[in-house]
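Novice: So that we are looking at the same thing, I have put the structure below in structure tokens.
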Amino acid sequence: MQTESARMASAREAAFRVPYPNSRPRSAHLVALDRACEPFVTHLLRDHPGRLALKLAALPDPVAAATALIAALDGTDLLVMISTSGEDSPAASLIAEACHLRRLPVTVFVLDTPERATELPERLRHLRPYAQMLVRAADPDYVEDMLTALRV
Amino acid sequence: MLRREQNELLTQTGPGTVMGNFFRAYWMPALLASELPENDCPPVRVKLLGERLLAVRDTNGEYGLIDEFCAHRGVSLWFGRVEDGGIRCPYHGWKYDVSGQCTEVPSEPAANGFCKRIKLTGYKLVKIGDVLWTYMGPPDSEPPLPEWEFATVPAAQSFTSKRLQESNWLQAMEGGIDSSHVTFLHGRNLETDPLFHGAKGNDYNRADTAPVFEVAESPGGLWIGVRRNAEEGNYYWRITPWVMPSFTMIPPRADHPVHGHFWIPIDDETCWAWSYDYHPTRALTDTERRAMEEGKGVHVAYVPGTFRPAANKDNDYLIDRAGQKAGLTYSGVEGIAMQDASLQESMGPIVDRTKENLVGTDNGIIMARNRLLRAARAHAEKGAVPPGVDPAHQRIRSAALILPPDQPYTEAAKEALIVRPGVRQTSV
């Protein structure tokens, strides 16, 4: 007699999986940590109402902006920090600590180019404390793929 | 999640598919060398990438992988006689050499050259280590022979096995780069398995249950780094290389042999899970080799006479609910390999990735898919040589080490992550 495991692992049985949306759309805050990645973050917002962005370097008072962001974190599913130059930011630290307290996952994306290889240790030193997941990639399109994969 | 068309692209590997052509750009493990143990031994049926093939070792010790079926009337040549430098179909005596070239059609006069016009599909089969490797792509694009360290160290230092996995290759491989499941599914085995236990690194694993992940691109694929807290503010790193299309190496523990996998599609609903163990600088001990042969570590015990695991879906993987409740294993299934395989097979033959809900710690999987999609398309559309084909991409190692907090592991562990002949693995 066939076991449950054998019968249920078949392609035929896979067709009977209940067809329903098993999650609601997620929302993410994207935080641009330096000016160089701002156009890229703007691009990521296009046609995605579930994505919100904060461009820290562009603001006259980043700490005040970070405080406002923290107040608006309720309902956010994921926070993504994006860095190209590796500039440190007290505002980023504030946001990361708030996320940590709220158990909100933080993913840090480092655009990793050979030209900036010598800066990498310094960049990582700043960014590591924030991240549950830190991704280094040369291709900025990876962030879009990641957000799509995470249903953001 | 993936879109349906992305999932289909990555999981379909038959002839003419994008991913199938991508796999065909590499040398792949096809059989254990022990399956063809001597000249003129019985041939072995092999199915790879949806092609039914036959592996042959002829009178002169030459290996070949040819179409399984006789060109005459479609008889399986598995019934053939391996003799005098080829294999002869037992039906009407047509004979083929290891390249698939027909060399004799007894019913036709030799002078008319009929047999020269008959050629079965044939692929090279080359022995490196205790594995027979095949290349199934266009002959004019044949890459250099593989140089994976486990296959090039002396035989006494290496052990390789394979097992049938009854799922698509991708969901099997994704298990190999998903470090976050280890604490749950295999946590108990770190203490009890003879090929894992006793390492200082295991203490860090147990002490820090909230590891942090760092994924970085490598020339051949990815480095997947997982860090945990160690003493004096330092980090304990475990670094897993993934090389395209489907090679991984588990970070070492103490002086145990290093292990890892290849996942090679048989067809779209089954794959071979290849598992190797090797030590870069010493012979495996009798105790280690016996443990591997008995199915410990990343290996399995088999249904006798087959490569099907003894614990399989037809016996509910011999699940032990009492053992699960008592904490002997986390899932109730015994053995690291079958703990993985049982869950991966339960997803169904090809998991529907449009329904999954990934989280941040799945970034290794997300990035691997991203790189595979891009590389496979670049190969299909521009003829780009895929990452991982270059032997330099294969001369890599996994590593486990302690680093200061400001060090990028790819730079600080650069030496540890490449093959250094005569130098042992970097391990904790």
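The values are calculated or read from the model by the stated rules, or taken from the named source; none is laboratory data. Not measured: the values here are computed from a predicted model. Counting neighbours? That spans all protein chains shown, and the Cβs are built from the backbone with ideal geometry, glycine included. Please note that ligands, DNA and RNA were not included when accessible areas were found on the heavy atoms of the full protein model with its side chains. Shrake-Rupley method; radii C 1.70, N 1.55, O 1.52, S 1.80 Å.
Novice: Given the residues B:GLU288, B:GLU232, which is the only one that is in a helix (DSSP H, G or I), touching a His at 6+ places or on another chain (Cβ under 9 Å) and either crowded, with 23+ Cβ neighbours inside 10 Å or not hydrophobic (A, V, I, L, M, F, W, C) (or both)?
Specialist: None of the others qualify; the one that does is B:GLU288.
Novice: Got a number for residues in the range A:67-104 being open to solvent by 40 Å² or more (accessible area, probe 1.4 Å) and at pLDDT 85 or above?
Specialist: 13
Novice: Also, I was wondering about something else. Considering only residues of the range B:347-375 that are within 8 Å of another protein chain (Cβ to nearest Cβ) and under 19 Å from the mean Cα position of the chain (by Cα), which is farthest from B:LEU9 (Cα to Cα)?
Specialist: It comes out as B:PRO349.
Novice: Still on this structure, please answer the following. Would you please name the residue that is nearest to the chain's Cα centre (by Cα), looking only at residues in the range B:205-224 that are more than 14 Å from chain A (Cβ to nearest Cβ) and open to solvent by 20 Å² or more (accessible area, probe 1.4 Å)?
Specialist: Among those residues, the one meeting the criterion is B:ARG206.
Novice: Could you grab me the full set of residues in the range A:47-62 that are of a type in the set (A, V, I, L, M), open to solvent by 10 Å² or more (accessible area, probe 1.4 Å) and in contact with a Ser or Thr (Cβ under 9 Å, 6 or more places away or on another chain)?
Specialist: Across the range A:47-62, the qualifying residues are A:LEU52, A:ALA53, A:ALA57.
Novice: May I ask you to list the residues in the range A:96-112 that are assigned to a loop (DSSP other than H, G, I, E, B) and within 11 Å of chain B (Cβ to nearest Cβ)?
Specialist: Answer for the range A:96-112, where residues must be assigned to a loop (DSSP other than H, G, I, E, B) and within 11 Å of chain B (Cβ to nearest Cβ): A:ARG103, A:LEU104, A:PRO105, A:ASP112.
Novice: I'd like to verify a number: residues in the range A:129-142 that are more than 7 Å from chain B (Cβ to nearest Cβ) and either in a loop (DSSP other than H, G, I, E, B) or open to solvent by less than 10 Å² (accessible area, probe 1.4 Å) (or both), how many?
Specialist: Matching residues across the range A:129-142 total 2.
Novice: Can you confirm whether B:ARG227 is within 14 Å of chain A (Cβ to nearest Cβ) and open to solvent by 10 Å² or more (accessible area, probe 1.4 Å)?
Specialist: Criteria met by B:ARG227.
Novice: Another one. Report yes if some residue within the range B:330-346 is at pLDDT 95 or above, over 23 Å from the mean Cα position of the chain (by Cα) and among the small types (Gly, Ala, Ser); otherwise report no.
Specialist: yes
Novice: Which of the residues belonging to the range B:167-183 are closer than 23 Å to B:ALA291 by Cα and either open to solvent by 50 Å² or more (accessible area, probe 1.4 Å) or at pLDDT below 90 (or both)?
Specialist: Matches in the range B:167-183: B:VAL182, B:THR183.
Novice: So which of B:ILE336, B:ILE319, B:ILE366, B:ILE396 is open to solvent by 30 Å² or more (accessible area, probe 1.4 Å) and of a type in the set (A, V, I, L, M)?
Specialist: After applying the criteria, what remains is B:ILE319.
Novice: Here is a further query. I'd like to know if the range B:395-412 contains one or more residues that are of a type in the set (Lys, Arg) and within 14 Å of another protein chain (Cβ to nearest Cβ).
Specialist: No: the range B:395-412 contains no residue that is of a type in the set (Lys, Arg) and within 14 Å of another protein chain (Cβ to nearest Cβ).
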